[in-house]
Amino acid sequence: MFSLVGATWPELPARPLLVVPLGAVEQHGPHLPLDTDTVIATAAAAAVVELLDDALLAPALAYGASGEHEDFPGTVSLGTEALTGLLVEYGRSACRWAGRVLIVNGHGGNLDALRAAVPWVRSEGRDVAWFPCGFPGADAHAGRTETSLMLHVEPDAVRGDRAGAGETAPIEELLPRLRAEGVRAVSPNGVLGDPAGASADEGADLLGALTARLATAVRSWDVDGAGRLRG
């Protein structure tokens, strides 16, 4: 894998695809670390770089828009407006030497910023796109899905003895309260889902399937109006 970390400028390939993990610093229940979204986005970005020619892994953008989690200690949110500006300037700068920029997003709260910033940068003639770390059938936050992924990617960071179910109602039912009151009012332990049954093997399968979808999307490079790679 080729990475910006530790590289010097003459070593970089000409006009590479720059793959940028985008995460968050926010609570993930009592059992997962604050940087869970960044860890997962980085793992997916690193895995896809291994599969692609002339792809380059960038250091993660570790802060996002996490206002709904700010009632929990440890959460640090830039907010949508600041994140939008950051992504616009990042794209403008990186595209001076990168042929394409792909942002691999690990946090749902970043979507409004991505949908604003990436089309803006694309309208200026720069080839930037984004792709979500999405998992069919996943629970919403710090449940079985993210716990399995972390058990695979960074098992020593998982406090399994502290894991417990949170609010398990479907996210569609919870969204009005989440938006109005924040996560803590809906789930006092910060979990939206249930980590029971999580395993490293399941996490490996989830990450493998995501990496395959992402690699296919990159190879076709079909970008929708919101700047998202289709696939």
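The values are calculated or read from the model by the stated rules, or taken from the named source; none is laboratory data. Quantities reported herein were computed from a predicted structural model and do not represent experimental measurements. Quick reminder, even Gly has a Cβ in these numbers, built from the backbone with ideal geometry, and neighbours come from all protein chains shown. In case anyone asks, the SASA skips ligands and DNA or RNA and just uses the protein heavy atoms, side chains included. Shrake-Rupley method; radii C 1.70, N 1.55, O 1.52, S 1.80 Å.
Take the conditions (1) assigned to a helix (DSSP H, G or I); (2) under 20 Å from VAL49 (Cβ atoms); ILE103 misses just one of them, which is (1).
Evaluate segment 168-187: report whether one residue or more is open to solvent by 50 Å² or more (accessible area, probe 1.4 Å), over 20 Å from the mean Cα position of the chain (by Cα) and at pLDDT 95 or above. Yes.
Among the residues making up segment 193-218, those that are among the hydrophobic types (A, V, I, L, M, F, W, C), surrounded by 13 or more Cβ atoms within 10 Å (Cβ to Cβ) and more than 17 Å from the chain's Cα centre (by Cα) are ALA198, ALA200. Scanning segment 70-114 for residues that are farther than 30 Å from ASN189 by Cβ and of a type outside the set (A, V, I, L, M, F, W, C) yields THR84, GLY85, GLU89, TYR90, GLY91, ARG92, SER93, ARG96, GLY99, ARG100.
When PRO176, PRO136 are checked against the criterion of being out of contact with any helix residue (DSSP H, G or I) (no Cβ under 9 Å at 6 or more places or on another chain), without any contact (Cβ under 8 Å) to a residue 12 or more places away in the chain and over 30 Å from ARG96 (Cα atoms), PRO176 stands alone in meeting it.
Counting just the residues of segment 36-80 that are part of a loop (DSSP other than H, G, I, E, B) and open to solvent by 60 Å² or more (accessible area, probe 1.4 Å), which one comes out farthest from GLU11 (Cα to Cα)? So, considering only residues that are part of a loop (DSSP other than H, G, I, E, B) and open to solvent by 60 Å² or more (accessible area, probe 1.4 Å), the one farthest from GLU11 (Cα to Cα) is ASP71. The residues in segment 95-112 that are hydrophobic (A, V, I, L, M, F, W, C) and surrounded by fewer than 19 Cβ atoms within 10 Å (Cβ to Cβ) can be counted, and the count is 2. Taking segment 43-90 as the range and being touching a residue at least 40 places away in the same chain (Cβ under 8 Å) and of a type in the set (Val, Ile, Thr) as the test, the residues that pass are VAL48, VAL49, THR75, VAL76.
The conditions of being more than 15 Å from the chain's Cα centre (by Cα), assigned to a helix (DSSP H, G or I) and among the basic types (Lys, Arg) are met by ARG92.
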